[in-house]
Amino acid sequence: MAPRVFDFTAAIVRRPATTVVNGLRAVDTGAPSVAGVRAEHDAYIAALGRAGAAVTVLDPLEDYPDSIFVEDPALVFGEAAILLRPGVESRAGEVAAIAPVLRGRFPQVLELEAGYVDGGDVLVTPDRVMIGLSARTDRQGADELIALLKRINRRGEIFHTPEGVLHFKSDCALVDEGTVLSTTRLAASGVFDAFRVIETPAGEEGAANALRVNDTVFVGADFPGTIDLLRREGLSVEPLATGEIAKIDAGLSCMSLRWWDGEDKASD
Ligand code: CIR
């Protein structure tokens, strides 16, 4: 049986730098503490391991406060990695920092050469790669990414991220092959008409940046309504603390790159 899009055997994370306290944020609700971010990150690494991924932990990059969010400078699949171009100047150098790591692990590494795309704007679904235009991802970058995806036999399609939302995936996650967890504001645009949609309860929009890894769905621990909804669906949910990284506009997908590294599972 072929792996599902959320079947991952491998992951890369990067330890937070002490400069993480200066991470970008749209609204300043106070800086996160280094110890607090480290604790959330350590728990995240352990959870990835329990869910079945072998985790490579990269050293912190003090020059890049947001470099803990390795999802943004690259996009990875079992067969190839794509180096992206983050849409904010202060994060541009993260690409060169992660490039050698990916070149050592993937048979093919492609590079976005024009425009801007943050990995947080890319949702991989079973039949296509959804790319949300946002303040970080522009049309030129999205078109370029679609061309690169074509080279690895994948189909990309462009959508819109709601105004004022950092990334497309700030507001959604795939929780099984045909079901998306989404905020009401993103679902209302019709982007998920081909999916079953579970909407985050009012006030729990931050829960939408959940992450499924193999048979576990990670959800922010501060969102009991969403956790309950997903459990009622029969999903195995693991709550993880995100209160500190939320201060710098992050959630659970941002902190790792994940892929299926190996043969397709033998069918029973
Ligand atoms: C930023 O603004 O770039 C970081 N403070 C947060 C990045 C979160 N990444 C993600 O959602 N993929």
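Any read-out appearing in this document is the output of simple, stated calculations on the displayed coordinates, not a laboratory observation. All of these numbers come straight from a predicted model, not from anything done at the bench. Ideal geometry is used to build each Cβ from the backbone, glycine not excepted, and the neighbour counts take in all protein chains shown.
Things to note:
- Segment residue 127..residue 90, full-extension length gain: 10.0 nm, with 0.36 nm per residue of separation and the alpha-carbon distance subtracted.
- The simple spin-label model puts a point 7 Å past each Cα toward its Cβ; for residue 147 and residue 27 those points are separated by 3.9 nm.
- Only Lys, Arg, Asp and Glu carry charge here, each on its Cβ (+1 for the first two, -1 for the last two); on that basis the chain has a dipole of about 300 debye about its Cα centre.
- Among 147, 202, 81: highest mean-square fluctuation, GNM of the chain, C-alpha pairs under 10 Å: 202
- The alpha carbons of the chain occupy a box of 46, 41, 36 Å along the principal axes, longest dimension given first.
- Separation between Cα centres of the range 155-227 and the range 36-112, rounded to whole Å: 21
- DSSP-assigned coil residues among GluC sites (Glu not before Pro) in the range 113-186, each with at most 15 further Cβ atoms within 10 Å: 113, 163, 177
- FRET efficiency estimate (nearest 0.05) - Cβ-Cβ, residue 221 to residue 59, R0 30 angstrom: 0.65
- Rounded to the nearest 0.05, the FRET efficiency derived from the C-beta distance between residue 1 and residue 233 at R0 = 35 Å is 0.95.
- Residue-averaged [θ]222 nm for the chain, counting only DSSP H segments that reach four residues, each worth -39500 (n - 2.57): -6000 deg cm²/dmol
- The chain: DSSP helices with Cα axial extent of at least 15 Å and average Kyte-Doolittle hydropathy no lower than -1.0: 34-51, 139-151
- Three-way shape call for the range 88-165 based on the alpha-carbon gyration tensor, with the a/c threshold at 1.5: oblate
- Cα gyration tensor shape of the range 151-230, rounded if a/c is under 1.5, else prolate or oblate by comparing a/b with b/c: oblate
- Magnitude of the charge dipole for the range 68-185, about its Cα centre and with charges confined to Cβ atoms of Lys, Arg (+1) and Asp, Glu (-1), is about 220 debye.
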